[in-house]
Amino acid sequence: MNAYQENIFGSYTPRTAFAETPVFNTPNPKPLEPDVEFVEEKRAGVQQPPDTATTYSAPKEKKFREKAQEKIESILNARTFLAVAGATVLLAFYIYNVIAINRLAGESEVLKKQIEDARSLNVELESKLKSLQRVEQVTGAAYEKLGLRYKTEPPVELKLEK
């Protein structure tokens with residue numbers, strides 16, 4: 001063991017060299033012949049289904065592949081393609097509409113906020129207008145800006161001659 005390994009592992013020393021220990025003790029088995037019959041072993045106390053033996057044969061696999069090919073071909077026809085294309089178009093249209101509705105809802109919220117701001121400004125301006133229309137405000141401004149004042153003598157009545 002070198003100094004680097006001693007730093008990593010401390011005082012640990014392996015009993016065997018792991019690279020020399022085989023992983024599997026059994027050699028690779030030979031592949032089975034194509035027409036070999038597979039039979040499942042019966043275990044004691046476990047009940048097996050009545051037909052446990054299956055035969056591997058190339059003709060059955062070929063028939064299976066042919067049936068699978070026929071099913072795939074029956075699925076991949078023009079009608080199926082059009083149905084999938086139509087469903088895709090409808091899905092895209094639906095997604096576009098959802099996005100458009102969300103965008104319009106956002107714009108609607110912005111406009112509602114602007115309307116609310118305009119209403120609050122309108123209420124504020126109306127209250128300011130009412131405060132400026134009060135008699136005290138008008139008489140004070142008339143006296144300061146125009147020099148007008150209250151008349152202290154009674155009014156004179158004029159008669160119209162015919």
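Structure notes:
- Scope the range 126-145; condition exposed (fewer than 10 other Cβ atoms within 10 Å of the Cβ) and outside any helix (DSSP H, G or I); matching residues: Q133
- Unmet requirement for T80, which otherwise passes all of (1) exposed (fewer than 10 other Cβ atoms within 10 Å of the Cβ); (2) at pLDDT below 85; (3) polar (S, T, N, Q): (1)
- Residue match in the range 151-162 (condition: in a helix (DSSP H, G or I), free of Cβ contacts under 8 Å to residues at least 12 places away in the same chain and of a type in the set (A, V, I, L, M)): no
- Single residue of L121, L111, L148, L104 found to be in contact with a helix residue (DSSP H, G or I) (Cβ under 9 Å, 6 or more places away or on another chain), at pLDDT 85 or above and either outside any loop (DSSP other than H, G, I, E, B) or not hydroxyl-bearing (S, T, Y) (or both): L148
The values are calculated or read from the model by the stated rules, or taken from the named source; none is laboratory data. Just so you know, these numbers come straight off a predicted model, no measurement behind them. All Cβ positions, even for glycine, are placed from backbone atoms using ideal geometry, and neighbour counts span all protein chains on display.
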